[in-house]
Amino acid sequence: MTTTPDDATLFTLDRTRADLMEVDAVFRACLNWDYGERNNRIWSLYEKNKTAQWNAATDIDWDYDVRFGAELQDEHSAGVASFVVGNDSPVPRELLNQFRWEYQAWMVSQFLHGEQGALVATARLVETVPDMEAKVYAASQVADEARHVEAYARYIDEKLGVSYPINPGLKALLRDLLAESEWDIVYLGMQVIVEGLALAATRLASSGFGDPIITSITRMIARDEARHIAFGTVSLNGMYEDMTSAEMNRREEFLLEAIHLMSRRFLLREVWERMDLDVERGLRFARTDPMMYGYRQLLFQQVIHILRQLGLLSPKLRDLFLAESLARPEAFHGMP
Ligand SMILES: [Fe+2]
Ligand SMILES: [Fe+2]
């Protein structure tokens, strides 16, 4: 029997692949015939995107030899490893070294999965946002995200040789995002929450990671991400001033769920499991150690700042940030 590319059996086989996540969505694609009016801030971000392109194949020194598990210098491990040491008694050097590498593999893997999420979610924005300059900008961001996926995937494949599956919290958020029909909520999830956290984590990681390849990749990506976040903030500016309370409630619900999912992401469950450590102890440590929650608070600072700017920082959101120790009370200064 001959088969054609659209043969139903082939299609079904493809859909059962374990490494594929599919999300059904209903959304409204739109074209805009008005090419004249421009939001100058978005257009200037687009101009910057064009000139700031870099090439992951040639702008990174791929010849550098990274040896996963190799003994690390103290100054390299200090930043990241202090998360596992905390204020406890000294941890054996070997364990610290192992943690440091596993943490790096976990972190870069999550960056990679998040980048693919950004690639697909931003491609959605090209179709759904009404303004031409936002479509054009989003398209240029898609090219950035493709490069980010390329760089992290190559680093993991060629240099680390160790990877982690997507964190369940990040996976659930990407699923919610891609099922979303309202384009501004896609922005909120991707450009504000995922990218806001990724930028902060990338900046912190670039000084804590031990090898020059990942340091240069994360630095170049962080520069791109700063523009992507600015794009989200500028695009949504003023958007929530005239929304009905039902519409605002829907945004608040989405944000509550997104922040809840993301707060779990930084408890490093997968790392404790892979290192064969006591998982409950690891989680308790991640939840309560001052360095660990200080780290999460640093990550969420930017998100809180943007939500405040957009007029979305509601009392319920503030209560969640405080309950999950993602911020200090001073972060909500001036709120009722
Ligand atoms: Fe990215
Ligand atoms: Fe991005």
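The values are calculated or read from the model by the stated rules, or taken from the named source; none is laboratory data. Because the structure is a prediction, the values reported are computed rather than measured. Reconstructed Cβ throughout: ideal geometry from the backbone, glycine too, with neighbour counts over all protein chains shown. The protein model used for the area step is the full one, side chains on, heavy atoms only, and it has no ligands, DNA or RNA in it. Shrake-Rupley method; radii C 1.70, N 1.55, O 1.52, S 1.80 Å.
Summary table below
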item: Residues of the range 215-246 satisfying the condition of being within 15 Å of ligand 1 (Cβ to nearest atom) and open to solvent by less than 20 Å² (accessible area, probe 1.4 Å); result: Ile217, Thr218, Ile221, Ala222, Asp224, Glu225, His228, Ile229, Phe231, Gly232
item: Positions within the range 116-157 being free of Cβ contacts under 8 Å to residues at least 60 places away in the same chain and within 11 Å of ligand 1 (Cβ to nearest atom), in sequence order; result: Gln116, Leu119, Val142, Glu145, Ala146, Val149
item: Looking only at the range 309-334, and only at residues there that are of a type in the set (D, E, K, R) and either at pLDDT below 95 or not in a helix (DSSP H, G or I) (or both), the one that is surrounded by the most Cβ atoms within 10 Å (Cβ to Cβ); result: Glu324
item: Helices (runs of 4 or more DSSP H) lying entirely in the range 177-273 (those with 2 or more residues that are more than 13 Å from the chain's Cα centre (by Cα) and farther than 19 Å from Gln104 by Cβ); result: 183-187, 212-236, 245-265
item: Residue ID - modelled with the lowest pLDDT, chosen from residues in the range 17-48 that are open to solvent by 100 Å² or more (accessible area, probe 1.4 Å) and either in contact with a strand residue (DSSP E or B) (Cβ under 9 Å, 6 or more places away or on another chain) or farther than 23 Å from Met132 by Cα (or both); result: Arg17
item: Selected residue (only one of Ala179, Ala172, Ala143 is within 16 Å of ligand 2 (Cβ to nearest atom) and either open to solvent by 10 Å² or more (accessible area, probe 1.4 Å) or out of contact with any strand residue (DSSP E or B) (no Cβ under 8 Å at 6 or more places or on another chain) (or both)); result: Ala143
item: Some residue of the range 115-131 being away from ligand 2 (no atom under 15 Å from the Cβ) and in a helix (DSSP H, G or I); result: yes
